[in-house]
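The values are calculated or read from the model by the stated rules, or taken from the named source; none is laboratory data. Note that the structure is a prediction, hence the values are computed from the model and not measured. Positions of Cβ are generated from backbone atoms using ideal geometry, with glycine treated the same way; all protein chains shown enter the neighbour counts. Surface accessibility is based on the protein's heavy atoms, side chains included, excluding ligands, DNA and RNA. Shrake-Rupley method; radii C 1.70, N 1.55, O 1.52, S 1.80 Å.
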Amino acid sequence: MSYKQIKWMILLIPTFTVGIWEYIRHQFLMPYLSMDAGNWLTPVIVYLVSVTLLSRLFRMLEGARAALEQERAAKAALEARDQLARELHDGISQSLFLLSVKTDKAGRSLAGSGHEHEIQEIQKTVHEVNTYVRQAIAQLRYVPSSTAAPEIISLHAQVEVLVKETVPGAQIHWDLSGVTFTAKEQVELLACIREGLLNVRKHAQATRVQIHAEGNPIAWFIYIQDNGNGLSGDPLHLKDRYGLRITKERAAEMGWSFTLDSRPGHTRMTIGKEHA
């Protein structure tokens, strides 16, 4: 039953109920029912109809309204995501492409001048940032098969898409019973997971990668583990590991814990939260 039909039913049922009752009362019950008794029975009958039939219609109306509002919110959110993706593509992505072309030109013009290493570092950084932006655009333009709002799309489903784009062979074990994340929390967690996966793909040379999530509303943890060559020294202070430092800062801003344990054959990045 549509939203409009429910409203009309709520309006018409009491009217027809009173009309039918008054007709039966005056045509058939006048010899048996006094005027005062009939007047008292009228509101009682309307009340009983309201409690039984109209209450059910009101619940249906509330459900239809909630579904309509959810659909509108989903449409607005998807439009906002698409707009943001277009702005990223038309602004930052094209600027990065232009910067990449200029760094290539500068590298050719400075060949043999002793600055090749610096130019290569700049080119590498531009390429990495361009990769991040393109992945963010792809994530924003990802439209799930359901019509749910992006905030309601499970984090698990979004992580699966992210894994296919970065480390397709990674294993996922997801057991976050009853844990819900806000839209902002999902964005921040996906950014942290993306950085961990990209770090594995670029540096670890791993043959086995695992993403493990477990917990409940009281405490939860998500970690990325690989059997790669590990990181020497303090990975959060290496010159070419700025992404890990940003991830740690991002987690701290959200009130999450961040740990990184790395040695040859075993590296684990863990993000979690324990509610007080």
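Quick look at the numbers
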| quantity | calculated |
| --- | --- |
| Most mobile listed residue (Q205, Q171, Q120) in the chain, GNM with C-alpha springs under 10 Å | Q120 |
| Accessible area (Å², per residue) of the chain, counting only protein heavy atoms and a probe of 1.4 Å | 62 Å² |
| Carbon plus sulfur fraction of accessible area for the chain, probe 1.4 Å, in percent | 59 percent |
| Solvent exposure, largest accessible area first (probe 1.4 Å, DNA, RNA and ligands not counted), of D226, D82 | D82, D226 |
| Residue-averaged 222 nm ellipticity for the chain, from DSSP H runs of 4+ at -39500 (n - 2.57), nearest 500 | -19000 deg cm²/dmol |
| Mean Cα-pair separation over length for the chain, i.e. relative contact order, pairs under 8 Å, 6 or more apart, % | 12 percent |
| Average silhouette area of the range 1-106, convex hull of alpha-carbon atoms, in square nanometres | 9.5 nm² |
| S100 accessible area, assembled protein chains, probe 1.4 Å, Å² | 40 Å² |
| Listed residues V51, V167, V179, most fluctuating in the chain (Gaussian network, C-alpha, under 10 Å) | V51 |
| Modelled FRET efficiency - R0 30 Å, A106 with K202, Cβ distances, 0.05 increments | 0.80 |
| Distance (nanometres) between label positions extended 7 Å along Cα→Cβ at E71 and I10 | 1.8 nm |
| Accessible area in the full protein assembly, largest first, 1.4 Å probe, for H275, H203 | H275, H203 |
| Extension gain (nm, one decimal) between K164 and Q94, 0.36 nm per residue minus Cα-Cα | 22.7 nm |
| The range 1-33: trypsin sites (Lys or Arg not before Pro) in DSSP loop, at most 15 other beta carbons within 10 Å | none |
| Rg over Rh [alpha-carbon atoms, Kirkwood Rh] for the chain | 1.29 |
| Candidates L198, L99, L12: whichever shows maximal mean-square fluctuation once the chain is modelled as a Gaussian network with Cα springs under 10 Å | L12 |
| Virtual spin-label span in nm between I24 and H117, 7 Å along Cα→Cβ | 9.7 nm |
| Cβ-placed point charges (K, R +1; D, E -1), dipole of the chain about Cα centre in debye, nearest 20 | 400 debye |
